[in-house]
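S.K.: Next up is a structure, given as structure tokens.
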Amino acid sequence: MTETSRYDVVVIGAGVFGAWTAWHLARRKQKVLVLEAYGAAHNRASSGGETRIIRMSYAKDEIYTRWSQRSLAQWKDLSKLSGQQLFQPTGVLWMEGEDIGRLKDSQATLERCGIAHEVMDNAALSKRYPQVNFDGVTRGLLEPDSGVLMARRGVQTVIEEAKKRSVEFRIAQATTSKGKGELTSIATSNGGRIFAGQFVFACGPWLGKVFPALLGRRIFPTRQEVFFFGSPAGDTRFAPPALPTWLFNNDEVYGMPDIECRGLKLARDTHGERVDPDTQSRIASEEGAEWARNYVGRRFPALKNASITETRVCQYENTSNGDFLVDRHPEMPNVWLAGGGSGHGFKHGPALGEYLAEQILGEQKAEARFSLESKATEQQRAVY
Ligand SMILES: Cc1cc2nc3c(=O)[nH]c(=O)nc-3n(C[C@H](O)[C@H](O)[C@H](O)COP(=O)(O)OP(=O)(O)OC[C@H]3O[C@@H](n4cnc5c(N)ncnc54)[C@H](O)[C@@H]3O)c2cc1C
């Protein structure tokens, strides 16, 4: 099967990065096709699931603070345009025990960027949030205007709105991506061939499988387990506005209040074992469940015996240090690589899509932190 239409850009992958890239290309009048193996933000994709945190604090990494700011505005615009509530302003509370410097660095960056925040000591935190046990917490930093994005629904909305702006969307797997020099076409799993001027591979944790020689050792997909706990009947202390979204720097643990009746969410931000997104088990481990029960019981005493009402197993797609990968393929100048969200990429979908669209159209200088060259083959996390 061959096709006669030729696109300006084919975007392979309809996770948050691919979807927003297509959106920004369409706004720049490009003829775009999105090719997706399973479905937008499906349940094996890194963008799948219900919710993701959008927060502004990134310690000294101001580039991500600015991208979060820029992205939140676009998520809100999309909510208005689509009539969907894609952002929930729960507030985001950062906690720190022993001073590891991140909270102070974030505070300085937020001040520079004009972002609202409030710093509290242990006594103030305990007074404001009596349902939380703040043992081991010395300080907290609240971002009152940050919160939660609806993940799968958000990505699917970007795709639906992009389709209204003439982006085409097709379910098929891209099967060829090898070569040297300009790529003219790609083959698909259903026997098709698609021609385009530029190709964006926004394949998330699959990037290392699509380009094994180039990225097999530069993208580290890790297993991440997520748990939801049910509140006691009639108890609203674990839902917004009573409880904000929170992150505890020293424990590398984060959680969310009960959003859309799913229960209190809890997960570790430490990297799990290396996995293959096609074959890893999606059943949470008993060890993980035991850890989550203990953690919840300690931090939220009223939930000591709460039951786990839902679990999810997803994967991060880490780069060596946590900086994103947005660059050209070194041997195919019209092929772009977009990924390496590294457990914090979701919120940045709008800014990343805009940046990549501008790169493709030669409208902006490249940022060295997103280059392929800066991606090592050994992990040393630096961005949180
Ligand atoms: C448990 C968990 C919690 C997280 N929490 C947060 C958070 O709170 N805040 C935050 O900002 N970020 C968070 N992240 C990170 C964020 O979700 C990811 O960085 C982001 O979703 C990555 O998006 P992506 O588009 O790169 O990848 P994906 O969403 O995985 O999309 C890639 C797509 O490419 C498709 N694809 C792959 N190969 C092919 C092919 N050959 N042909 C066609 N299609 C193909 C796949 O089917 C997939 O749909 C979290 C991630 C996880 C797993």
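S.K.: Tell me, what is the percent relative contact order of the chain, built from C-alpha pairs under 8 Å that lie six or more residues apart? Let's see the in-between values first.
M.R.: Values: 861 pairs, mean separation 89.0, N = 384.
With pairs under 8 Å counted, the relative contact order is 23 percent.
S.K.: List the relative contact order of the range 323-384 as a percent without decimals, with contacts defined as Cα pairs under 8 Å and 6+ residues apart.
M.R.: Details: 51 pairs, mean separation 23.5, N = 62.
Relative contact order, the range 323-384: 38 percent.
S.K.: Give me the percent of Cα-Cα pairs in the chain that sit more than 28 Å apart, rounded to a whole number.
M.R.: Values: 32761 of 73536 pairs.
More than 28 Å apart: 45 percent of the Cα pairs in the chain.
S.K.: Further question on the same structure: Quick one: with all protein chains in place, what share of the accessible area of the range 1-87 is carbon or sulfur, to the nearest percent (1.4 Å probe)? Mind showing how you got there, number by number?
M.R.: On the way: 1550 of 3390 Å².
Within the range 1-87, the accessible surface is 46 percent carbon and sulfur.
S.K.: Please give the charge dipole size of the range 340-384, origin at the Cα centre, charges +1 on K and R Cβ atoms and -1 on D and E Cβ atoms. Round to the nearest 20 debye.
M.R.: Working: 5 positive and 6 negative charges, 42 e Å.
Dipole magnitude for the range 340-384 comes out near 200 debye.
S.K.: Would you mind calculating the relative contact order of the range 118-167 from Cα pairs under 8 angstrom and at least 6 residues apart, reporting the percent as a whole number? If you can, show how the numbers build up before the last one.
M.R.: Details: 25 pairs, mean separation 17.7, N = 50.
About 35 percent, as a whole number.
S.K.: For the full complex of protein chains and a 1.4 angstrom probe, list Arg298, Arg27, Arg268 by accessible area with the highest value first. Don't jump to the answer; show the numbers that get you there.
M.R.: Numbers: Arg298 120, Arg27 145, Arg268 75 Å².
The most accessible residue leads, giving Arg27, Arg298, Arg268.
S.K.: Test of understanding: what is the full-extension gain from Glu286 to Ala123, defined as 0.36 nm times their sequence separation minus their Cα-Cα distance? Don't skip to the end; give the middle numbers.
M.R.: Numbers: separation 163, 0.36 × 163 = 58.68 nm, distance 3.53 nm.
In short, 55.2 nm is gained.
S.K.: So how much slack lies between Tyr38 and Arg165, counting 0.36 nm per residue of separation and subtracting their Cα-Cα distance, in nm? Walk me through the numbers before you get to the answer.
M.R.: On the way: separation 127, 0.36 × 127 = 45.72 nm, distance 2.20 nm.
Using 0.36 nm per residue and subtracting the Cα-Cα distance, I get 43.5 nm.
S.K.: In deg cm²/dmol, rounded to 500, what helix-only [θ] at 222 nm does the chain give when every DSSP H run of at least 4 residues adds -39500 (n - 2.57) and the total is split over its residues? Write down the numbers at each step before the final one.
M.R.: On the way: 9 runs with 100 residues, N = 384.
After summing the helix terms and dividing by the residues of the chain, the value is -8000 deg cm²/dmol.
S.K.: Determine the alpha carbon to alpha carbon distance for each of Lys31/Lys180; Lys60/Lys265; Lys76/Lys163; Lys31/Lys375; Lys60/Lys80 and list only those over 21 Å.
M.R.: Cα-Cα > 21 Å for Lys31/Lys180; Lys60/Lys265; Lys31/Lys375; Lys60/Lys80; rest within.
S.K.: Using the Kyte-Doolittle scale, which helices in the chain average at least -1.0 and also have C-alpha atoms spread 27 Å or more along the helix axis, with helices defined as whole DSSP H runs?
M.R.: On the way: long enough: 62-82 (30 Å, -0.96).
Membrane-span-like by this criterion, though nothing is claimed about a membrane: 62-82.
S.K.: Cα gyration tensor of the range 89-149, axes a ≥ b ≥ c as square roots of the eigenvalues: rounded (a/c below 1.5), prolate (a/b > b/c) or oblate? Can you show the working numbers first?
M.R.: On the way: a/c = 2.10, a/b = 1.24, b/c = 1.69.
The shape class here is oblate.
S.K.: Students often check this: by mean Cβ neighbours within 10 Å, which of 336-346, 115-125 ranks highest, and how do the rest follow?
M.R.: For the peptides 336-346, 115-125, the packing ranking is 336-346, 115-125.
S.K.: State, to one decimal in nm², a quarter of the convex hull surface area for the C-alpha atoms of the range 140-293, i.e. the direction-averaged projected area. Write out the running numbers ahead of the final one.
M.R.: Values: hull surface 54.7 nm².
Averaging across all directions leaves 13.7 nm² for the Cα convex hull.
The values are calculated or read from the model by the stated rules, or taken from the named source; none is laboratory data. In this text the structure is predicted, and so the values were computed from the model without any measurement. Methodologically, a virtual Cβ is constructed for each residue, glycine included, from the backbone with ideal geometry; neighbour enumeration extends over all protein chains shown. The accessibility values were calculated without ligands, DNA or RNA, using every heavy atom of the protein model including side chains. Shrake-Rupley method; radii C 1.70, N 1.55, O 1.52, S 1.80 Å.
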